[in-house]
Structures are given as C-alpha cells and as structure tokens.
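In what follows, a single structure is set out as structure tokens and then discussed.
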Amino acid sequence: MAKIGCVKTLFCFGYGYCARVLAHRLIPRGWRIGGTFRDEAARVQLAEEGCAAFPFASRTEVSAALAGFDHILLSVPPSEDGDPVLGLYRDELIAQSGSLRWIGYLSTTGVYGDRGGAWVDETTPPAPTSERGRRRLAAERAWLGLHQEHGLPIHIFRLAGIYGPGRNQLVSLLRGKAARVVKPGHIFSRIHVADVAGVMESSLKRPIPGRVYNVCDDEPAAPQDVLSFAAELLRMPPPPEIPFDNAGLTDLSKSFYEESKRVSNRRIKEELGYRLTYPSYREGLLALNHVS
C-alpha cells in the first residue's frame, strides 16, 4: 500500500482505549488510520470507525500494510515472552526506518517502582517492583535500542493511572463496585485519557526521537480522596473506609497499593508545550459527571 500524497498516516499496533481516543482526534484532521485486531469484535470496531483493520498475527498482511504508514503507535502490552510487536515485526520496522517519522510506545509509570510517595521524573532511574513494571521496562529498553542502533524514531510515554469515559470512579460508584480502601501514605498520579491523546498529538507535531515522557496530571492524590470527591459530585455518601490490611483484596488489586509515588509532568509542558485539559482529577471528574 503506497502512501497517499501528503496525507498523514498512523498505524496502531493494538486499538485500545488510548489509541481510539487519539484516532478520534486525528481522523477529523485528515489522518488515515489503520490498526491491528485479535478478534472479530475489534475488527468490526475498527471498520465502523473508519480505520483499516489488519489481523495482528498475520505477518503477510501487516507487513504489507506497514509500507503505507509513516507514524506508528505501539500499545500492545508485553507478555512473559517479551514485546509481541518486536517478536513479530522487528525486521519489518527496521527495514522501514528511513520512512518512519514517529513511533510512540505506551509504557507505564510503574517502571519507577515504589518510591514511598517521593517525586520522580524522567531522569529518575527506573526500579520496577512488580513483574508488570519489569516487563514494561524491558520493552522500553528494547525499543530504545532500535532507536540507537537503527534510527527508529521511538518516543516512550510513561502513563500514570488512566481514567476517562466509562472508566472512572463515578461509574464504579453508580455500579456499586467502589471500595474506599485506605492505606496510610499511599499516593499516586493519574491522567485523563483525553490528555494522553493530547500529549501524543503534541509529540507528533514536535517529534524528539529517543525521548521519554511522563504523562500525568498536576496533582497526585490518595485514591480514597478521589472516590470521596466523585461521591460528592453524585450527591451520594462515599463508601465506608476500609483499612488496607482488612480489605480482602485480590492479588491484582493489592499490587495497586504496593507502589506510592508522585510523578512530575514538567517535561511534557516544557518540551511539547502541552497544556493539560484536566490538570487534576477534580476537573476530569466534573466533566465526566455529565457523561460518566
């Protein structure tokens, strides 16, 4: 598939929550979007939203399609076997390095591990304390290695806890699934999905290959404070506080409370000139209270 004139093009390995929001911003601006799918529902969604759809595991189809795109978004999480995109398409991407203008990899602030509530920025050495964080850091390093060795225009985005339409404390409260678990000193950063897309769009306009960006809002906060604010917006009493040690959480839920840190977003403001639409959970939940 040949590139079409000066039309900008984005290929999404994985068409999940963040990729969809970015695509919805770019399509009205004339971008052509393609993405991979693993099941029929995902294929239909891509087609319905005007995106070209390609089966992730079909090397023949995806390799041919990549020749028609000059920007790539990587949002497929790594497994115990490593990054699946690298596993299947490393050679194809290296071969196309001369025509690619931007590659964005969605990582996590989990690569910093537990910092006891201290601040971290992009100069802080990663020290993941979870298996998921270690896998993400290994994938980051593998992609940055391709930048250093083959010139691929890699940009790493370390995302804080993502919330937005359909995924927020308002929804949890209305569904009766919210628990106000309290662990003294536990604090973390979060980001509205619209600002995730906004930061990536700013990077598309100002690419700096090899750069790492923290993507979070201005105000790290304790989860129980966010939930209490959401309950206030809904004019309902917040769930009772439950001490962490008595909460009976699953292993996955417990892992959320094992890391506490404040993440700095200075670089996205200073280098990308990005201005947050939702600088804290308050603005984000206020807006979502109309749509949830």
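The table below lists the values:
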quantity: Verdict on Asp70 being within 12 Å of Phe11 (Cα to Cα) and acidic (Asp, Glu); calculated: yes
quantity: Residue check for Leu26: in a helix (DSSP H, G or I), under 27 Å from Ala160 (Cβ atoms), touching a Leu at 6+ places or on another chain (Cβ under 8 Å) and open to solvent by less than 40 Å² (accessible area, probe 1.4 Å); calculated: yes
quantity: Check on Arg266, open to solvent by 80 Å² or more (accessible area, probe 1.4 Å) and of a type outside the set (Val, Ile, Thr); calculated: yes
quantity: The range 134-171: number of residues that are within 29 Å of Gly284 (Cα to Cα), part of a helix (DSSP H, G or I) and either among the charged types (D, E, K, R) or in contact (Cβ under 8 Å) with a residue 40 or more places away in the chain (or both); calculated: 5
quantity: Condition check for Gly161: of a type outside the set (Lys, Arg) and exposed (fewer than 15 other Cβ atoms within 10 Å of the Cβ); calculated: no
quantity: Which numbered condition Cys12 misses (of (1) open to solvent by less than 30 Å² (accessible area, probe 1.4 Å); (2) more than 26 Å from Cys216 (Cβ to Cβ); (3) not small (Gly, Ala, Ser)); calculated: (2)
quantity: Residue selected from the range 123-133 under the condition open to solvent by less than 30 Å² (accessible area, probe 1.4 Å) and touching a residue at least 24 places away in the same chain (Cβ under 8 Å), by the criterion farthest from Arg101 (Cα to Cα); calculated: Ser130
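The values are calculated or read from the model by the stated rules, or taken from the named source; none is laboratory data. What you see is a predicted model; the values in this text were computed from it and never measured. Quick reminder, even Gly has a Cβ in these numbers, built from the backbone with ideal geometry, and neighbours come from all protein chains shown. Protein only, heavy atoms only, side chains kept; ligands, DNA and RNA dropped before computing areas. Shrake-Rupley method; radii C 1.70, N 1.55, O 1.52, S 1.80 Å.
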